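The values are calculated or read from the model by the stated rules, or taken from the named source; none is laboratory data. Just so it is clear, the model here is predicted, and its values are computed rather than measured. Positions of Cβ are backbone-derived with ideal geometry, glycine not excepted, and every protein chain shown enters the neighbour counts.
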Amino acid sequence: MRLTFLGTGTSTGVPVPTCDCAVCSSDDPRDHRLRPSVRIEWEGTSILVDTATDLRLQALRCGLDRVDAVLYTHSHADHILGLDDLRIYKWRQRRPVPVYGSRRTLDDLARTFWYVFDGKPSESAKPEIEPRVIDGSFTVGGRTVFPVPLFHGTLPIFGYRVGRLAYLTDASEIPESSYELLHGLDVLVLNALRDRPHPTHMNLDDAVACAARIGARRTLLTHLCHEVHHGSVSARLPDGVELAYDGLALDVADDKDAPC
C-alpha cells in the first residue's frame, strides 16, 4: 500500500497571504503546504481522503490518474472545496465516484454543491458522485476501511484506518473507544497544528503524546500551520515521529486483514 501526502497545511495553506514570517518566507520546499489531503493506493485502487481546496494542483503534482473513492473526514471548507474537480475523473473513468462520509458531512456537501446533488440535467459540466453514508466499516477495492470517530472541538468527525495505516486529521481529541481501532499500526498520520494550544486541534505536544500511546512504527504529523518551521521542529521530535510534507510518498506494510 502506498501513501502520498497531497497537502500538509491548514485552511490557509502556507505561505499565508500577506504574511512575511520566517516560515512563510522560507525557501525550504517542505515549508510550502497546500490544504490537507492524502492519496492511498493499493492493487489498482486509488482513493482520496478529502477533496482539498487545492485538488487540481495536487492532482497535477502527483499524477493523480484515477479516483476510485473519496473518504470525507468532515465538511470544513479546506477539506471539501475541491469536489468540483472530481468531474474529470467521472469523464475518464466513465462512472460516478463514490464518496463516503457521515450523514452530517454529506448533507453539508449537498448544500454547498447543490448543483451536484440536485439530480437535474445541466448544460454545464459537473461531477457525478455516489454519496454513501458511513454507518460502520465498509469495503473499497477489496479492502475494509474502518472509520475512526474523533472530535474536532465539539464536532464529531472521522479519521480512517486501512490495513496498518491510519489517517487522523483535524482532531482535538481521540475518544477512548477509538484507541481500540489503532493497535498494530505501521504508519499513523496525525494532525499537529502548532506549539501553542488550540481549542479544535491538537498541538505538537498533544500529538506526540497520542503517538506515544498508539505506538505506531512511524508517525507523521500533518495539518501544520505557518508557526511550524520544518527544519527546527523536526530536530526536536522524538524517534519515530516526524513532520510530513507535501509530495512525501511512502510504502506502508501491507496487511489488509489487520485486526482492529
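Brief remarks on what is shown
- Matching entry among E176, E130, E180, E227 (being of a type in the set (D, E) and closer than 23 Å to L243 by Cβ): E227
- Residue match in region 114-122 (condition: within 30 Å of V14 (Cβ to Cβ) and among the hydrophobic types (A, V, I, L, M, F, W, C)): yes
- Identity of the residue in region 2-29, in contact with a Pro (Cβ under 7 Å, 6 or more places away or on another chain) and within 20 Å of L64 (Cα to Cα), that ends up surrounded by the fewest Cβ atoms within 10 Å (Cβ to Cβ): G9
- Top-ranked residue in region 107-118 [being touching a residue at least 24 places away in the same chain (Cβ under 8 Å) and either assigned to a loop (DSSP other than H, G, I, E, B) or surrounded by fewer than 20 Cβ atoms within 10 Å (Cβ to Cβ) (or both); ranked as nearest to the chain's Cα centre (by Cα)]: D108
- For the criterion of being modelled with pLDDT of 95 or more and over 28 Å from D135 (Cβ atoms), P17 passes.
- Note on region 129-145: residues that are farther than 22 Å from H76 by Cβ and surrounded by 14 or more Cβ atoms within 10 Å (Cβ to Cβ) total 5.
- Criterion (closer than 29 Å to T154 by Cα and either of a type in the set (A, V, I, L, M) or touching a residue at least 40 places away in the same chain (Cβ under 8 Å) (or both)) met by exactly one of P98, P131: P98
- Contact map, region 14-36: first residue under 12 Å from T222 (Cα atoms), second residue among the acidic types (D, E) and outside any loop (DSSP other than H, G, I, E, B), Cβ cut-off under 8 Å, separation 6 or more or different chains; pairs are R35/D78; P36/D78.
- Of all residues assigned to region 118-132, at least one qualifies as being under 15 Å from D50 (Cα atoms), basic (K, R) and at pLDDT 95 or above.
- Within region 141-155, being farther than 20 Å from L188 by Cα and in a strand (DSSP E or B) holds for one residue alone: L155.
- Hey, R92 surrounded by fewer than 24 Cβ atoms within 10 Å (Cβ to Cβ) and farther than 22 Å from T144 by Cβ or not: yes
- The listed residue being within 28 Å of F138 (Cα to Cα), in contact with a strand residue (DSSP E or B) (Cβ under 7 Å, 6 or more places away or on another chain) and touching a residue at least 24 places away in the same chain (Cβ under 8 Å), out of A253, A211: A211
- Counted residues, region 214-244 - those being of a type outside the set (D, E, K, R), closer than 21 Å to C21 by Cα and in contact (Cβ under 8 Å) with a residue 40 or more places away in the chain: 11
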